[in-house]
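A short worksheet on the structure shown next.
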Amino acid sequence: MRTKLLAAASAVLAAGVTATGLDVASASPSPSGPVVVASGLDNPRGLAWAGNGALLVAEAGRGGSGTCLPGIFTAQWCIGTSGAITQVKRNGQQRRIVDGLPSLADPITGGFAFGPSDVSADHGRLYASVGGPADQLDRSAFSEPFASGLGTIQRVTGARTRIVADLAAYELANDPDQQLHESNAQSVLATGGKLYAIDAAGNTFFRVKQSGELNLLNIFDNRVANGVEYQAVPSALAKGPDGAIYISDLTGVPFPAGESKIWRWTPSGIAMFAEGFTSAVDLAFGPDGSLYVLEIFPGQVIRVAPGGARTVVADGLNFPGGLAIGRDGAVYVSDCGVCAGAGTVLRFAG
């Protein structure tokens, strides 16, 4: 059962974001490099703008001292409640506004965590996706009650959260892509009063109804490159200027270069929008309608102008996890998304 999750595991670094909000850093980016606007983060992943212009960061945490199981990219991982959401105000003030969320991570380094993977805000409502639970879909391997939060979408109210949808339970009951029962609740997008979510390991895209029921909108089929079959692995969600929902895919093992795609979904159906990317883990739209794509490898952000021209606007990134665009076109990236205590958010000039 590990094969499928390994194909999707790198998508734990992805996140969706809406291109709204104001600039966070009071300092301007240096022409020679980015400005650090947040630091000391634990496995930072998805970024989102709050209604007050603050930047929100999903921190997957550093695991804990609870139940330990064979890990992904590590010999083992152990569960704890170190997952969090951090807020970075426009004046640069940084603090965790939510903590105590489930997290699985390497017990020695705290790295390569599965936990809070994305955040999304819409008209005063805040949601988070909590990754995992890998191939432990019934979560019975964990004795800790809080493990029930793995593989879920949660509503955040103040410093509290409550589960509004259980992607892991859906995968266990249905396995829509019929490729073994494994789940990793990856990206969440709240927009226009509607809520959408991605299960990266399940290769599925959902609408979350107010009742918590999951409406399956798309299953991402396997593809073939150079005679090798690989999984699509959806990785992030963003709302486009045309009102459509855009979805990036990472691709699975062996992660073929140039095979990541961007998809455009409307209630009428889904179609390929752009291709030729490598290991795309996040996407966002800028104020001029440009599409920005974050590639975990080689660690860069590509801007696709409305006319189709492509430009690298940020590079030299180390396991980047999430992407957001400011109203002035500045590019924000959560960097070192597999690092405990050393993660940052960087701001590049637009």
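The values are calculated or read from the model by the stated rules, or taken from the named source; none is laboratory data. Quantities reported herein were computed from a predicted structural model and do not represent experimental measurements. Using ideal geometry, Cβ is built from the backbone for each residue, glycine included, and neighbour counts are taken over all protein chains shown.
How many of the residues making up the range 286-342 are over 15 Å from the mean Cα position of the chain (by Cα), within 24 Å of Pro107 (Cα to Cα) and outside any loop (DSSP other than H, G, I, E, B)?
0
Counting residues that are touching a residue at least 40 places away in the same chain (Cβ under 8 Å) and of a type in the set (S, T, N, Q), which strands (runs of 3 or more DSSP E) fully inside the range 210-274 reach at least 3?
So the answer is none; nothing clears 3.
Between a first residue in the range 94-120 that is farther than 17 Å from Pro320 by Cβ and among the charged types (D, E, K, R) and a second residue that is surrounded by fewer than 17 Cβ atoms within 10 Å (Cβ to Cβ) and modelled with pLDDT of 95 or more, which pairs have beta carbons less than 9 Å apart while being 6 or more apart in sequence or on different chains?
Pairs that qualify, where the first residue is farther than 17 Å from Pro320 by Cβ and among the charged types (D, E, K, R) and the partner is surrounded by fewer than 17 Cβ atoms within 10 Å (Cβ to Cβ) and modelled with pLDDT of 95 or more, are Arg95/Lys89.
List the strands (runs of 3 or more DSSP E) inside the range 10-86, counting only whole elements, that have at least 2 residues being modelled with pLDDT of 95 or more, closer than 16 Å to Gly131 by Cβ and not polar (S, T, N, Q).
44-49, 55-59
Cβ-Cβ under 6 Å, sequence separation 6+ or interchain: first residue in the range 46-58 and buried (at least 24 other Cβ atoms within 10 Å of the Cβ), partner among the β-branched types (Val, Ile, Thr) and part of a loop (DSSP other than H, G, I, E, B). Which pairs?
Sorted first by the residue in the range 46-58, then by its partner, the pairs are Leu47/Val17; Ala48/Val17; Trp49/Thr20; Leu55/Val24.
Of the residues Asp42, Asp135, Asp122, Asp118, which is crowded, with 24+ Cβ neighbours inside 10 Å, closer than 27 Å to Ala280 by Cα and out of contact with any Phe, Trp or Tyr (no Cβ under 9 Å at 6 or more places or on another chain)? Give the derivation first.
On the way: Asp135 fails: crowded, with 24+ Cβ neighbours inside 10 Å; Asp122 fails: crowded, with 24+ Cβ neighbours inside 10 Å; Asp118 fails: out of contact with any Phe, Trp or Tyr (no Cβ under 9 Å at 6 or more places or on another chain).
Checking each option against the conditions leaves just Asp42.
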